[in-house]
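So the structure is just underneath, and the comments pick up after that.
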There are 2 protein chains.
Amino acid sequence: MKATVLVRPKAGILDPQGEAVRASLRALGFGVTAARIGRIVDLELEATDPVPARAAVERMCVELLANPLIESVEIQLVSE
Amino acid sequence: MKATVLVRPKAGILDPQGEAVRASLRALGFGVTAARIGRIVDLELEATDPVPARAAVERMCVELLANPLIESVEIQLVSE
């Protein structure tokens, strides 16, 4: 099955990349008051059962995909 | 209103960052057969009407946020 992990900087955490995007969009004339940049990780998993698949993706987030101190994580499972 | 832009490498486009994540997850013992890495751009817009807001975000994607040759874009609007 497939999983999508959305990793975003937590509220209050400085996001210089997002600030640069906000400034650039405003310089281009767009009415943008804030921008924050995160990551998408699209995974194809060998697991076919959603319960252990979600547990595995949660462990992946802790061990590699995100920094829980400064990033929040949203996991979406897509069964095929 | 708020908008979220999901930017992903198109199918067939080489994604070395995703390949590195796949290899690292497998080295950690996870059953992952593929990984692809994209970006999330969360925007706060001055616009309050969804139709011009979406049109503006589409122009932002062309002018700054994505490379249409190698990336696909998904726009999600969230009214407040």
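Give B:Glu71, B:Glu58 a once-over and let me know the one that is in contact (Cβ under 8 Å) with a residue 12 or more places away in the chain and closer than 23 Å to A:Leu65 by Cβ. Walk me through how you get there before you give the answer.
On the way: B:Glu58 fails: closer than 23 Å to A:Leu65 by Cβ.
Exactly one of B:Glu71, B:Glu58 is in contact (Cβ under 8 Å) with a residue 12 or more places away in the chain and closer than 23 Å to A:Leu65 by Cβ, namely B:Glu71.
Just checking, does the range B:32-43 include any residue being more than 9 Å from chain A (Cβ to nearest Cβ), part of a strand (DSSP E or B) and in contact with a Lys or Arg (Cβ under 7 Å, 6 or more places away or on another chain)? Step through it out loud before you land on a result.
If we filter the range B:32-43 for residues that are more than 9 Å from chain A (Cβ to nearest Cβ), which is where we start, we get none.
Looking through the range B:32-43, none of the residues is more than 9 Å from chain A (Cβ to nearest Cβ), part of a strand (DSSP E or B) and in contact with a Lys or Arg (Cβ under 7 Å, 6 or more places away or on another chain).
Anything in the range A:48-68 that is within 7 Å of another protein chain (Cβ to nearest Cβ) and open to solvent by 40 Å² or more (accessible area, probe 1.4 Å)? List them, or say none.
Answer for the range A:48-68, where residues must be within 7 Å of another protein chain (Cβ to nearest Cβ) and open to solvent by 40 Å² or more (accessible area, probe 1.4 Å): A:Glu63, A:Leu64.
May I ask you to say which residue of A:Val32, A:Val21, A:Val41 is at pLDDT 95 or above and within 13 Å of the chain's Cα centre (by Cα)?
Just one listed residue meets the conditions, A:Val41.
Filter the range A:1-22 for residues that are over 18 Å from B:Arg39 (Cα atoms) and either without any contact (Cβ under 8 Å) to a residue 12 or more places away in the chain or within 8 Å of chain B (Cβ to nearest Cβ) (or both) and give the result.
Passing the criteria: only A:Gly12.
The values are calculated or read from the model by the stated rules, or taken from the named source; none is laboratory data. Owing to the predicted nature of the structure, the values given are computational and were not obtained by experimental measurement. Here the Cβ is made from the backbone with ideal geometry for all residues, glycine too, and neighbour counts use every protein chain on show. Remember, those area values only see protein heavy atoms, side chains included, never the ligands or the DNA or RNA. Shrake-Rupley method; radii C 1.70, N 1.55, O 1.52, S 1.80 Å.
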